[in-house]
Amino acid sequence: MLSLTFLGAAGTVTGSRYLLDAHGTRILIDAGLFQGTKELRLRNWAPLPIPADSLAAVVLTHAHIDHTGFLPRLVHDGFGGPTYATPPTARLLRIVLPDAAHLQEEEARFANKAGSSRHTPALPLFTVHDAQEALGTLAGVPFGQRVTLRPGIEFTYHRQGHILGAAAVELRVKVAGGEHVTIYFSGDVGRYDVPILKEPERYPGSTFLVVESTYGDRLHDPTDPRDQLADVINEAAARKGVILVPAFAIDRTQELLYLLRELVEDEAIAPLPIFLDSPLAREATAAYRCCVQEHDAEMRELVRGGVDPFAPPNFEVVGRVDESKRLNALAGPAIILSGSGMATGGRILHHLRHRLPDPATTVVFTGFQAQGTRGRRILDGEKEIKIFGEMVPIAAQVRSISSLSAHADADELTIWAGAPGAPPSRVFVTHGEPAASRALAERLASRFGWRCETPSLEEAVAL
Ligand SMILES: [Zn+2]
């Protein structure tokens, strides 16, 4: 009558897709892309084990591509909607889905030109047209509002911090005897005591719980990121070089701008010229600025006082490509924030090609650098790196700020899960490397006595 199939984010952190079958009504919670190794990425080409048009609805937790990037393909394959998302998530999706589609099209074009694909012609997983069609299926649902999907099947969104609009999904399904069971999907759990967004709502209890475990076996660096950032910038500024920050467009860029403004105000760093050179991050920052309902008390206070929290002194947003190119003539000390966060694409590549050979340059990484990315190679100390087909020598200084993260660590996940409420009868620990998921499962089992499982990919369980 009630079953749950783990179609992604099982044994890995990407490809979040959970298929719930409730009395024959099929609901997909998240429609994420697999990212990372080639083996994982190839999974994106496999169709769902059920026809896309048999889905009654897709319910998205948040805008990250590993939770939403499969939606255009699903729509291409016949899913007609509705797709539910919180209004801020829907707003971010209008930025990220066409951008992801554009990248797919570009990659296919490049593969065809280089003859590097085994398939001729190489095709994009989805097109800009598919992304636009997917956006047409979106229905915005505010936090806390109950939505009836079918008689006896309802869901509610709960705030989860993490990034703008991020939610947990609480599904209520009527079962025999007029009773209800609840299935609570954590989505990605954010952190407490970080600026900008309201805090995650604690887990209220449910019959079943599906919880993420990205950092299930780790604790974040306890150093204040403000101190780390100030140290790195002061050291780099003393060399009079340019500070290149590969930044993730959503959340990390806004947090960096917020912290840089604070540091200048506190006179912890000099008011260096700061350039934001990322069209995607510019759009995301506008979304963060607008969604005032999501701001925490400190943000609201700043805005009320006439402060733009994301505009440090001497701040400039770079628009057109020729303006971006003009930054090549820029003399340090100055800061350039540009995407992408792992230097896998975007305008940061031009800046890296131009400035990596200069020993006065400092490259500052602000988040996890996945295996195989340029970011990881530079961080691992390689002496040269391939950009646009040519080898670029690396003489720049390389630093990493390890205390910035949008994910709860093992302690924070335990705080999130441990609020007094009905204990779950079964817990499924997902969205983590196998060791991280196992560690969180053991932690929750020993701390709370919960029955925890770490499902494998494509495993189906009867609830
Ligand atoms: Zn996420």
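Within the stretch 376-415, if we keep just the residues that are closer than 28 Å to Ile196 by Cβ and among the polar types (S, T, N, Q), the residue that is modelled with the highest pLDDT turns out to be Thr414.
The conditions of being modelled with pLDDT of 95 or more and on the phi > 0 side of the Ramachandran plot are met by Gly78.
Counting only residues that are hydroxyl-bearing (Ser, Thr, Tyr) and away from the ligand (no atom under 16 Å from the Cβ), the stretch 147-171 holds 2 of them.
Consider Asp53 carefully, then state whether it is at pLDDT 95 or above, of a type in the set (Asp, Glu) and buried (at least 24 other Cβ atoms within 10 Å of the Cβ). So Asp53 fails the test. Restricting attention to the stretch 305-331, the residues being in a loop (DSSP other than H, G, I, E, B) and either on the phi > 0 side of the Ramachandran plot or surrounded by 20 or more Cβ atoms within 10 Å (Cβ to Cβ) (or both) number 6.
Applying the criterion of at least 1 residues that are more than 15 Å from the ligand (Cβ to nearest atom) and within 20 Å of Ala287 (Cβ to Cβ) to the strands (runs of 3 or more DSSP E) found wholly in the stretch 1-115 leaves 83-85.
Annotation: of all residues in the stretch 180-213 being open to solvent by 10 Å² or more (accessible area, probe 1.4 Å) and aliphatic (A, V, I, L, M), the one that is nearest to Ser425 (Cα to Cα) is Val181. Going through (1) touching a Gly at 6+ places or on another chain (Cβ under 9 Å); (2) within 16 Å of the ligand (Cβ to nearest atom); (3) among the hydroxyl-bearing types (Ser, Thr, Tyr) one by one, Tyr184 falls short only on (2). Kindly check whether there is at least one residue in the stretch 201-212 that is in contact with a Phe, Trp or Tyr (Cβ under 7 Å, 6 or more places away or on another chain), within 15 Å of the ligand (Cβ to nearest atom) and of a type outside the set (Ser, Thr, Tyr). Yes; the residues of the stretch 201-212 include at least one that is in contact with a Phe, Trp or Tyr (Cβ under 7 Å, 6 or more places away or on another chain), within 15 Å of the ligand (Cβ to nearest atom) and of a type outside the set (Ser, Thr, Tyr). Here is a check on your reading of the model: is Leu219 in contact (Cβ under 8 Å) with a residue 24 or more places away in the chain, more than 23 Å from Thr5 (Cβ to Cβ) and within 16 Å of the ligand (Cβ to nearest atom)? Answer is no for this residue. Selection within the stretch 416-434: residues that are modelled with pLDDT under 95 and farther than 18 Å from Leu4 by Cβ. The member of this set that is nearest to the ligand (Cβ to nearest atom) is Glu433.
The values are calculated or read from the model by the stated rules, or taken from the named source; none is laboratory data. No experiment lies behind these values; they were computed from the predicted model shown. Note that we place each Cβ from the backbone using ideal geometry, even for glycine, and neighbour counts take in every protein chain shown. Surface areas here come from the heavy atoms of the whole protein model, side chains and all, with no ligands, DNA or RNA. Shrake-Rupley method; radii C 1.70, N 1.55, O 1.52, S 1.80 Å.
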